[in-house]
Amino acid sequence: MNRPSPMPLTRASLNRSLREAVALMQRGRYDDAERIFAPLLAQSVSFPPLLHFAGLNAIELDRGEEGLALLRRSMALAPTDAAFRANLATALIRLKGFDEAEPLLRAMRREDPRNPKTAFALANLLHLTARDGEAITHWKECLALAPDWAQAWIGLGESHGEIGDLTEADRAYARAQALLPDDPLIRVARADLITESEQGAGDPGAARRLYEEAIKLKPHFAPAEAGLASLEGQAGAFEAALGRLRSVLERDPHAYFAAWLMARFKTFRLNDPDRKLIEQSVELAGREPKNEMAHQAFFGWGKVLEDSGEYDPAWAAFNRAHALKPVIRGYRESIQRQYMNLLLHASDASFQERYRMKEPGPVRPVYIVGMPRSGTTLIEQMLSAHTDITTCGEMVTLQNALCRGLGISDIGQLPFALNPLSPVSWRQVRAEVDRLYAERSRDRQVLTDKMPSNFMNLGLLTALYPDARVIHIQREARDTCVSCYTTLFRSSQRFTSNLAHLGRYFRMYEALMDYWRSHLAPTTLLEIRYETLVESPRETLERVLDFIGLPWQEACLHPERSDRRILTASLFQARQPIRTNSIGRWKHYARFLEPLEAALATTHPLQEPAESDAAPVPGSSTSAGRPDSAGP
């Protein structure tokens, strides 16, 4: 039996079909729209608008590569269509095709510099690839053209927040809030800035008021309730925080962030009634793999299981957490290695000889360095009880001051700004950092900065402040790396999501510290071991205080009694009496650590391997922006 020939397609019939399909897309009926697009595409139609909207529809149906191919075909047929190009760029950003999107957007910006939508898209791409210094320029250009665009103000706030500029970030969020006064999320974003800001910056009372305003706008708003619980946890009020989190999870088990916080704020036993609340969230998160918060529940569940001694299922939960964790700013090991090498060569011992300052600063800085999860928070928490010390946590603002002084937009540009370095720029750097330290010191003799990744910046910092002290805290490699892998960092420790990356990063860090050990004077660098600190805290702390030049104070032995806010992943552990139970933790997971053991066997960590072991994790970009741990 002969099939009837399909009706011949005309421009009019194509336009009718296209209008019908687009109307369905606008109502979210993508499957119905696909039933119109599919037979037309099967006839090899080369009508650019049809190809374009069919591509957009395919992306909505999670067929990203197919959708991008259709968008590229439509643009090839209509290369001057600005809407086609803009939609392709937006789709590429959504699907993390940053390398292809960036040149397209830069060309569009050159051709039409007064288009705020293109400025927005490029700023967003730069933000997503960790180049927030440059992103800020484009956010501002976008807002100069469209000053009432609330989402652009939010983007500007996010970028300022990423580089630690709390004041400018809050100013941008406040403008967005004025434009969208009934949006509770903007108030939460402003409060989160304060909650997550470094020690001594921001006002926790202001954060609480913003969270409470958000709850008035939307009663029981889970992000705001969880934010209040986070504030309470930072201050050591764990019972109050846990009570609030119970209420959140009982009302909304999809509040995965609350499940993670609850897991952090206590030690669990098998019969703990709160365990059921977190387990319920995990069951829901497992059904929502595309939910960008789902991984948080699994990080929390891994912690609960480990607390109860259930190590195999705990490791499975941590693995699932990493599998679900959104990859936006992908880690590229080769870029990290290159950055470390460049910075070491730009600020090595000869740099110190040429640029060492002679004048003392307004306060003596003490830099506490090491790997994340090596004990930097514990030692600073102990020092916080000393009446002559101001403890500042992880000072992202130091990096901002360095950038301002050197006239660069991002800390990733630091090696190039130091070579060559003009005397004027160097004096400007010192002035910027002096101003910061004077503001934060509260007239005390010593100021601590426990940004672990300052191990990369020791040449620069000890030349800037020759009277500075460096405390390097070391911890057994496998314990450190397991602790990193099982921790959900709220900052950019991207290398911690892969055991092989972790092991090689650890060896790169060790290689840099080997160099500084041979070039810094014993009066500048003190090395202590985490294991010794927790086993012999008095003797170790006596050494530390003598090294800094301060008298002994008994209160330093009781970090659990401090009322200072703790903002790092160690906030619960650092408020407990000093214990040794984290020593040898890796042994519980030894059978899972083969990739880590192989990576730790690396013998020349700062040399590029002959065969690339530096492939990016999915979603990374060759425009990877700031190297990991160079920033917050």
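Side notes on the structure shown:
- Hits in segment 275-288 (condition: within 18 Å of Phe318 (Cβ to Cβ), open to solvent by 10 Å² or more (accessible area, probe 1.4 Å) and not aliphatic (A, V, I, L, M)): Arg275, Glu279, Glu283, Gly286
- Matching residues, segment 64-95, being surrounded by 15 or more Cβ atoms within 10 Å (Cβ to Cβ) and within 19 Å of Gln26 (Cβ to Cβ): Gly67, Leu70, Leu71, Ser74, Phe84, Ala86, Asn87, Thr90, Ala91
- Subset tally (residues that are touching a Ser or Thr at 6+ places or on another chain (Cβ under 8 Å) and open to solvent by 10 Å² or more (accessible area, probe 1.4 Å)) for segment 472-481: 2
- Qualifying residue in segment 289-299 (condition: surrounded by fewer than 22 Cβ atoms within 10 Å (Cβ to Cβ), more than 19 Å from Val188 (Cα to Cα), acidic (Asp, Glu) and out of contact with any Lys or Arg (no Cβ under 7 Å at 6 or more places or on another chain)): no
- Hits in segment 205-221 - residues which are in a helix (DSSP H, G or I), farther than 18 Å from Glu239 by Cα and either open to solvent by 20 Å² or more (accessible area, probe 1.4 Å) or aliphatic (A, V, I, L, M) (or both): Gly205, Ala206, Ala207, Arg209, Leu210, Glu212, Glu213, Ala214, Ile215, Lys216, Leu217
- Segment 141-172, residues that are assigned to a helix (DSSP H, G or I) and over 23 Å from Ile194 (Cα atoms): Glu141, Cys142, Leu143, Ala144, Leu145
- Take the conditions (1) acidic (Asp, Glu); (2) closer than 30 Å to Ala178 by Cα; (3) surrounded by fewer than 17 Cβ atoms within 10 Å (Cβ to Cβ); Glu232 misses just one of them, which is (3).
- Among residues of segment 141-167 that are open to solvent by less than 40 Å² (accessible area, probe 1.4 Å), those with a beta-carbon under 6 Å from a residue that is basic (Lys, Arg) at least six positions away or on a different chain give the pairs Trp153/Arg175.
- Segment 28-51, subset surrounded by 15 or more Cβ atoms within 10 Å (Cβ to Cβ) and outside any helix (DSSP H, G or I), residue modelled with the highest pLDDT: Phe47
- Within segment 308-334, if we keep just the residues that are part of a helix (DSSP H, G or I) and open to solvent by 40 Å² or more (accessible area, probe 1.4 Å), the residue that is farthest from Glu279 (Cα to Cα) turns out to be Ala323.
- Counting only helices (runs of 4 or more DSSP H) wholly contained in segment 385-456, the ones carrying 2 or more residues that are open to solvent by less than 50 Å² (accessible area, probe 1.4 Å) and over 17 Å from Gly361 (Cβ atoms) occupy 396-406, 414-417.
- Across segment 242-274, the qualifying residues are those that are touching a residue at least 60 places away in the same chain (Cβ under 8 Å) and in a helix (DSSP H, G or I), and the one among them that is surrounded by the fewest Cβ atoms within 10 Å (Cβ to Cβ) is Arg264.
- Qualifying positions in segment 353-373 - crowded, with 19+ Cβ neighbours inside 10 Å and either of a type outside the set (Gly, Ala, Ser) or modelled with pLDDT under 95 (or both): Gly361, Val363, Arg364, Pro365, Val366, Tyr367, Ile368, Val369, Met371, Pro372, Arg373
- Among the helices (runs of 4 or more DSSP H) confined to segment 494-552, the ones with at least 2 residues that are more than 19 Å from Ser483 (Cα to Cα) are located at 499-519, 537-548.
- Selection count, segment 457-471, where residues are surrounded by fewer than 22 Cβ atoms within 10 Å (Cβ to Cβ) and assigned to a strand (DSSP E or B): 1
- Residue within segment 52-64 that is without any contact (Cβ under 8 Å) to a residue 24 or more places away in the chain, among the charged types (D, E, K, R) and not in a helix (DSSP H, G or I) present: yes
The values are calculated or read from the model by the stated rules, or taken from the named source; none is laboratory data. Keep in mind the model is a prediction, meaning the values are calculated, not measured. As a convention, Cβ positions derive from the backbone with ideal geometry for all residues, glycine included, and neighbour counts pool all protein chains shown. Heavy atoms of the whole protein, side chains included, go into the accessibility calculation; ligands, DNA and RNA do not. Shrake-Rupley method; radii C 1.70, N 1.55, O 1.52, S 1.80 Å.
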